[in-house]
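Report on one structure; see the data block that follows.
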Amino acid sequence: MSRFKKRFQGLYWRQLQVTAGMVMLTLVLLGASFFSLSYNYARDLKSQELEGKAQMVSQIAASYLEGQEQNRRQEDLLQLATFAATVSDVDFLICDLDGSVHLSTDVDMEGLVVQMPQNIVDEILAEKHASQWSTLNGLYESRRLVVGVPAYAPSGSVVGLAFAVSTSASLFSMWHGFAGLFFMTAFVVLMISILAASITAMRQVQPIREMVQATRRYAEGDFDVRMKDCDRGDEMGELAASFNNMAETLQQTERQRREFIANISHELKTPMTTIAGYTDGILDGTIPPENEKQYLQIISQESRRLSRLVRRMLDVSQLQAIDPLKGGNHFDLCESMRRVLISMEKKINDRDLDVDADIPEEPILVLGDNDMITQVLYNLLENTTKFARRGSTLYLGVTTIDGKARVTVRNLGDTIPAEELPLLFERFHKSDKSRSEDKDGVGLGLYIVKTILEQHKEKINVTSENGVTTFSFSLTTE
């Protein structure tokens with residue numbers, strides 16, 4: 001029962017009910033206005049018709065009411081009035097000035113003494129016209145439209161009253177026809193409106209239902225579901241397209257998360273396995289005492305590498321939460337480059353490398369965070385130093401072009417395959433697939449470079465041809 005109730009409380013049914021309610025309310029208001037106007041129109045039209053017939057009868061009855069040749073006039077007048085009443089479905093009454101009925105075309109009044117209501121008589125004498133709904137003091141079972149006019153003698157004096165009484169059927173026949181037509185039209189309009197509202201509501205609700213089902217699939221870890229109504233051209237189509245973009249982002253994030261977990265598991269597993277294995281070997285005596293120092297040194301190196309890995313991961317997490325452009329600070333890029341060169345002097349000398357430094361003496365002020373860009377320069381220079389051919393020359397330079405300071409770091413070594421260039425900036429990626437040559441690295445240096453530059457709204461480019469590998473990036477000058 002609750003499920004059935006919940007179903008009829010959905011957006012589709014609510015919209016359908018609102019639309020149907022608004023259409024019905026509109027039809028009711030229009031109907032009330034229409035009935036009121038059509039009823040008044042029919043009543044006025046019938047009243048005018050009865051007034052014309054009553055005046056015609058009053059002219060014929062004037063001589064009779066004056067008392068001239070009364071017997072012969074009464075017979076002739078009754079014949080004429082009866083004929084008129086028959087063809088027009090109207091009863092005629094002829095009265096004196098006191099309201100007493102002298103002649104009537106209604107056969108039910110034969111032999112009866114009929115007195116017209118005094119208020120109608122007074123209104124005719126005062127206003128020369130009267131139109132009321134009345135039962136004529138109970139003469140009729142239901143109210144009828146009664147129209148009365150005075151009868152004038154040739155001298156111009158009022159000698160009596162003439163009444164035309166309409167049957168209810170004759171008055172309401174036209175109005176009932178209008179009402180029937182209105183109800184039929186209103187029913188057709190209501191059905192068409194409900195059908196159109198149903199189709200429109202279903203078209204609007206269906207994508208929402210698909211999104212609900214898709215979100216449930218996403219909650220279960222399935223990000224392959226996509227919306228189908230992306231080309232509708234309306235707000236719902238834009239929502240569906242945005243929903244698909246969100247799904248693509250979630251799928252990519254999930255894929256990166258899994259790759260990250262797999263990579264970090266591998267990176268953590270290697271030193272931890274080494275540390276655990278050599279430690280157990282020393283404790284259980286598998287490793288001879290004279291070799292313990294050698295293996296303890298390996299354990300120490302692996303522990304430091306593990307520490308560097310964790311520290312670099314924390315650095316990446318912190319970097320992603322910083323907005324270096326928020327403060328609008330500037331610093332001297334040339335000074336930062338010189339400091340990095342000095343700090344890398346020992347590593348450069350250990351590999352017998354020369355340095356071609358193209359750094360201007362004049363300061364170049366750039367927008368960004370000094371420490372973060374210094375980290376970028378250090379990581380790039382450390383990477384190029386590590387993989388440069390012994391005895392070769394490193395290049396570090398900066399130029400200004402179109403409001404940008406462009407930094408270039410270049411070395412001479414092995415050519416990096418073109419398909420591997422986009423992977424250099426991925427987390428835990430190492431050019432040496434065996435991961436044996438670069439034992440000190442953790443595969444996060446270039447990823448940190450890319451992250452920092454993205455925080456500065458910049459990108460890094462890399463090329464490698466004929467053994468020359470070049471990294472370059474730009475920063476906005478003041």
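What ³J(HN,Hα) values, in whole Hz, does the Karplus curve 6.51 cos²θ - 1.76 cosθ + 1.60 give for the stretch 145-150 when θ = phi - 60°, with x put for Gly and Pro?
In residue order, the calculated couplings are 7, 10, 10, x, 9, x Hz.
Taking only protein heavy atoms into account and a 1.4 Å probe, give the accessible area per residue of the stretch 112-167 in Å².
On the way: 2550 Å² over 56 residues.
For the stretch 112-167, the solvent-accessible area averages 46 Å² per residue.
Short version: ³J(HN,Hα) in whole Hz for each residue of the stretch 446-456, in order, from phi by Karplus 6.51 cos²θ - 1.76 cosθ + 1.60 (θ = phi - 60°), x for Gly and Pro, what are they?
6, 5, 5, 4, 4, 4, 5, 5, 5, 5, 8
With r defined as the distance between the Cβ atoms of Arg304 and Glu362 and R0 fixed at 30 Å, what FRET efficiency is calculated, to the nearest 0.05?
Computed FRET efficiency for Arg304 and Glu362: 0.15.
Take Met202 and Glu454, extend 7 Å from each Cα along the Cα→Cβ direction, and tell me the distance between the two endpoints in nm.
The two pseudo-label positions are separated by 4.5 nm.
Which residues' amide hydrogens lie under 5 Å from the amide hydrogen of Ala151, considering only partners 5 or more residues apart or on another chain, with H built in the peptide plane?
Distant-sequence amide H within range of Ala151: Val159, Gly160, Leu161, Ala162.
Solvent-accessible area per residue for the stretch 340-434 at a 1.4 Å probe radius, Å²?
On the way: 4950 Å² over 95 residues.
Ligands and nucleic acids excluded, the result is 52 Å² per residue.
I want to check the label-to-label distance for Ala219 and Leu268. Put each point 7 Å from Cα in the C-beta direction and report it in nm to one decimal.
2.9
Beyond a 24 Å Cα-Cα separation, which of these cross-linked pairs lie in this structure: Lys404/Lys457; Lys346/Lys457; Lys386/Lys457; Lys228/Lys459?
Values: Lys404/Lys457 13 Å; Lys346/Lys457 33 Å; Lys386/Lys457 28 Å; Lys228/Lys459 34 Å.
Over 24 Å Cα-Cα: Lys346/Lys457; Lys386/Lys457; Lys228/Lys459.
The values are calculated or read from the model by the stated rules, or taken from the named source; none is laboratory data. The shown structure was predicted, so the numbers you read here are calculated from the model rather than taken from an experiment. Because the Cβ atoms are built from the backbone with ideal geometry, glycine has one as well, and the counts that use them run over all protein chains shown. Ligands, DNA and RNA are excluded from the accessible area calculation, which covers all protein heavy atoms including side chains. Shrake-Rupley method; radii C 1.70, N 1.55, O 1.52, S 1.80 Å.
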